[in-house]
Every structure is written in structure tokens, then in C-alpha cells.
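Enquirer: Below you will find the structure I want to go over with you.
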Amino acid sequence: MRYYSLKRKSPDVSFQDAVINGLAPDRSLYFPESISLLSKSFFKNIDQYTNEEIAYHVIKQFIGDEIPIDVLQGIIKNTLYFDFPIIPINDSISALELFHGPTMSFKDVGAAFMANCLGYFNKNNNKLTVLVATSGDTGGAVARGFLGIKGIEVVILYPSGKVSDIQERQLTTLGQNISAIQLDGSFDDCQEMVKKAFLDNQIKRKITSANSINIARWLPQMFYYFIAYKQVYKQKKDIVFSVPSGNFGNICAAIMTKKLGLPIKHFIASTNINDTVPNYLANGVYDPKPSKVTISNAMDVGKPSNFIRIQKLFNNDLSSLKKLFSAYSFTDKETKNAMRRIHKNSKYLADPHGAVGYLGAKLFQKKNPKSLCIFLETAHPVKFIDIVNETLSERIAIPKQIKSIFRKEKKSIKIKTYQDLKCFLNSERLF
Ligand SMILES: *Cc1c(COP(=O)(O)O)cnc(C)c1O
């Protein structure tokens, strides 16, 4: 499969080069040259396929012959080894739990898929360094996805004292080919430094990024929707997904599934008060703003990088976009009330991101009472334990994935300046 840059100012590339480049040289995002429908019989008999077989059918057209079939099946096996259950909240709203992976974030799927693809493409063992800035969730999932992948070293940069204890442990206790650096500064400073490092030709290491605009993190997110469809299609209801959205990568993958023929009625992007996209749908003006801090902080994005891909999927036509897609924004107060209501009525613990998704589902359902609305639970509530404990009377039981990291020692390097980072990256051995 060929990929082109949405700005069309860089050459078309293969899947492999798009994965290695991340961003196109013209600073725009890659997009597949064509998207084909899957067969009708696949959808009719989808309950006969395992999750791994479904994933293979979904992704193969985007890779073509660049990865041998058996290797691709192995990559999928390393990506989808946990469950994706649907939990009914009431008769017409359900939660799709995407947090049963190793770091309890839905980002585990994209991170593992990308890590395994890069591991394959790097088969000559040319040392490659993945450099990522994180405000919390991404770093942990990327670090875990790349753990033990041959020839690849991962350097995670995070703002000192600004990630939660659990998140810090997920970044700093892995060892092997993962190293963590804490910067005396903010997340924005971390991101600035990473950008600078990519352009710095005095850095001798070959470095690449693993952020969410990479096609190998974006495309495998389609798997969730097919796997969910398999579980509910026999109910013969109109299916609607509500996706808690920040950078709009996940919801964009959701809409892509429609181009493959998945019979979904409507897609909802649910956001916190970072409401660039809901505003755009309401008044037609796209006006990105600096991000605002909220309790659903993995969605604190004022300039969602993947929205350009969503516009492309609708040929930049706002009216056809609105037929299939809605976007709603909610405040922290509404989010906390939703967490309380879900817990009181259904005994279900939602994290703040899932609760935003629930609110979107609820709002849509007022006008469409017959549909089955599925909201995505994108992180386990334990990852936001302080907010959950403060909002609900219930205490969260600590799951086994998280318990194990409390026994390990945190290891990270403290830095203050860009020069420190550069010195580190130019040292002979990172570990
Ligand atoms: C990253 C993240 C999101 C937002 O996903 P996007 O693809 O960036 O829209 C939502 N919830 C959680 C818990 C996340 O970590």
C-alpha cells in the first residue's frame, strides 16, 4: 500500500517508510492511497472469526506484501492477547473496555502493533532510537510495547513531578531497552526538546518518534470496533460509538471502519472543555486554541492533530461529515456527576475519560432512543485513582498489572537542559 502526505508536498511512500518516518517530510500526515470494502460474508459471519483473524482481515490491505503473512499474524498475536469486553450500563448504553492490556490504557494496542512492525522492519539490527515525550499515558504504553524489541532503544522524556505515581512507575521500572528521563519543566518543554532533537544533525543516533500520528499506531485502533461489532451485531440494533477524544486518532480509526463496510450508524466524539471540534461542527469555524487542564487530562488537546484525517475521509465536506459524526463537549463538573450517576445506578466504575464518553452517548440517545450506544472505556479507573477516589465513595481495588510495578525500583535520569538530553543521546551506551 502507498501512503501520501495530506499536504501533497512530499513523495508517496510505502507502509514501511510511513511507519519509520512518522510524519511526512512536509510536516503533514500520511494517508492511505485507497481503502477497500471487506466482503459482505465477512460481516455476516464475523462471529465465526477470532479477534486475531478479524484484525488480520482489517489490516492486511494497509500493509500489502510488505510484511509476510505469518509475520503479520505474529504481530497481531503480540498485540491482541487480552480481552475487549462490552459491559451493559443500562438497556441501551454499554461500555467497551479497552483497558485490559499491560498498561491498562487503550494505547497498548497501537503501541504494541507499531513496536512489532518497527522491530520487523529493523531486522538488520541497525540501532534505532525511539524518542517520546509523554504527559502520562502514551509513554507507559509505548515503553511496554517496545520492551524487548531487538535493535530498538526507547527514551521516554517526562516532566518531573507532573505525572502520577502509577504512571511514573510504568515508565521507570521496565529496564532492558527502555530508559526514562525526567525533565525539570513542563510537558510542553519535553515536547519542544523532542522536536528539537529530531532536527539536530549533531545527534549521532538515528531517532524516530512513536506518537499517535504514526499510521502504525493509528490504523490498528480499527480493531476495537470490529471486535465490538462481533459481540453485539446479533441484537440487530443500530450501533453508535461514543469515543472520548483528545488528539482524535481513535475516533478517526472508528470512522475508517465505515469505509471498510462496518455497519455503524453514527460516531460521536466526546470531549472535555477542549472543544475545538464540537465548536467547528456547531458553527463551521475551525479555531484551534491552547489546551486547558481538566480531570480527563489525556484529552487536554486544543489542536487535535488527527482531525485533518477525518476531514479527508469526508472530502472536506462539513455537511456529509455531520450526517455520520457528532461532537459534544462536557465540563469537569458534568464528568464527575456522570461518574457518580453511573456508579449509583449501575455499580460501574468509570474513569473520567470513559465518563465523558458516557455523557456523549447519553446526549445522542435522547434523540435516538432505539440505538445501542457503546462508549469506550479508554483507561482503567485506577490510572486516575485520585480523581476517582475523591469523586466516589468506593475505593478502587488495585489490579494485578499495577500491583507488580509497586515492587520494582524506579530508575530515571534527571536533566535540566536540552544540552543534557543531547549529551545523553550521544553517549556510547544508553543503559
Ligand atoms: C490518549 C487518550 C485518549 C484520547 O485519544 P485520542 O486518540 O488522542 O483522541 C482518551 N482517553 C485516554 C485514557 C487516553 O489515554
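The values are calculated or read from the model by the stated rules, or taken from the named source; none is laboratory data. Since this is a predicted model, take the numbers as computed values, not measurements. Cβ placement follows ideal geometry from the backbone for every residue including glycine, while neighbour counts extend to all protein chains displayed. We work out accessible area using only protein heavy atoms, side chains counted, and drop any ligands, DNA or RNA first. Shrake-Rupley method; radii C 1.70, N 1.55, O 1.52, S 1.80 Å.
Enquirer: Out of everything in segment 201-221 that is among the basic types (K, R) and over 27 Å from T79 (Cα atoms), what residue ends up being farthest from the ligand (Cβ to nearest atom)?
Expert: K204
Enquirer: Follow-up question, since we're still on this one. Look through segment 236-263, keep the residues that are out of contact with any strand residue (DSSP E or B) (no Cβ under 8 Å at 6 or more places or on another chain) and within 16 Å of the ligand (Cβ to nearest atom), and return whichever of them is nearest to F226 (Cα to Cα).
Expert: This residue is T257.
Enquirer: OK, next. Is there a residue in segment 168-178 that is in contact with a helix residue (DSSP H, G or I) (Cβ under 7 Å, 6 or more places away or on another chain) and among the small types (G, A, S)?
Expert: There is no residue in segment 168-178 that is in contact with a helix residue (DSSP H, G or I) (Cβ under 7 Å, 6 or more places away or on another chain) and among the small types (G, A, S).
Enquirer: Sort out which residues of segment 75-110 are in contact with a Phe, Trp or Tyr (Cβ under 9 Å, 6 or more places away or on another chain) and among the small types (G, A, S), and write them in order of number.
Expert: S94, A95, G101, S105, G110
Enquirer: Please report, ordered by residue number, the helices (runs of 4 or more DSSP H) entirely within segment 189-267 with at least 2 residues that are at pLDDT 90 or above and open to solvent by 10 Å² or more (accessible area, probe 1.4 Å).
Expert: 222-232, 249-259
Enquirer: Go over the candidates A95, A115 one by one and state the one that is of a type in the set (A, V, I, L, M) and more than 16 Å from the ligand (Cβ to nearest atom).
Expert: Residue meeting the stated conditions: A115.
Enquirer: Tell me whether segment 275-286 contains one or more residues that are closer than 18 Å to G354 by Cα, assigned to a loop (DSSP other than H, G, I, E, B), open to solvent by less than 50 Å² (accessible area, probe 1.4 Å) and within 14 Å of the ligand (Cβ to nearest atom).
Expert: yes
Enquirer: Please specify each residue of segment 120-172 satisfying the condition of being within 16 Å of the ligand (Cβ to nearest atom), open to solvent by 20 Å² or more (accessible area, probe 1.4 Å), assigned to a helix (DSSP H, G or I) and over 30 Å from I67 (Cα atoms).
Expert: E168
Enquirer: Any chance you could count how many residues in segment 27-53 are open to solvent by 20 Å² or more (accessible area, probe 1.4 Å), of a type outside the set (V, I, T), in a loop (DSSP other than H, G, I, E, B) and out of contact with any helix residue (DSSP H, G or I) (no Cβ under 7 Å at 6 or more places or on another chain)?
Expert: 7
Enquirer: While we're on this one: Which of the residues that make up segment 105-129 are in contact with a helix residue (DSSP H, G or I) (Cβ under 6 Å, 6 or more places away or on another chain) and either more than 22 Å from V58 (Cα to Cα) or basic (K, R) (or both)?
Expert: The answer is K107, and nothing else.
Residue-by-condition table, conditions (1) closer than 18 Å to G145 by Cα; (2) touching a residue at least 12 places away in the same chain (Cβ under 8 Å):
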site: L29; (1), (2): no, yes
site: P32; (1), (2): no, yes
site: K40; (1), (2): no, yes
site: D47; (1), (2): no, yes
site: I76; (1), (2): yes, yes
site: D91; (1), (2): no, no
site: S94; (1), (2): no, yes
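Enquirer: On the basis of being part of a loop (DSSP other than H, G, I, E, B), charged (D, E, K, R) and open to solvent by less than 70 Å² (accessible area, probe 1.4 Å), does D65 make the cut?
Expert: The answer is no for D65.
Enquirer: Now for a separate question. Any chance segment 307-318 includes a residue that's in contact with a Phe, Trp or Tyr (Cβ under 7 Å, 6 or more places away or on another chain), charged (D, E, K, R) and more than 16 Å from the ligand (Cβ to nearest atom)?
Expert: yes
Enquirer: Of the residues that make up segment 191-200, is at least one in contact (Cβ under 8 Å) with a residue 24 or more places away in the chain and within 16 Å of the ligand (Cβ to nearest atom)?
Expert: The answer is yes; a qualifying residue exists.
Enquirer: When I75 is evaluated against the numbered criteria (1) at positive phi; (2) surrounded by 21 or more Cβ atoms within 10 Å (Cβ to Cβ), which criterion, by number, is the only one it fails?
Expert: (1)
Enquirer: Looking only at residues in segment 321-345 that are open to solvent by less than 40 Å² (accessible area, probe 1.4 Å) and assigned to a helix (DSSP H, G or I), which one is nearest to the ligand (Cβ to nearest atom)?
Expert: Checked segment 321-345; the qualifying residue nearest to the ligand (Cβ to nearest atom) is T335.
Enquirer: Here are some conditions: (1) over 27 Å from K237 (Cα atoms); (2) part of a loop (DSSP other than H, G, I, E, B). Y348 meets all but one. Which one does it not meet?
Expert: Condition not satisfied by Y348: (1).
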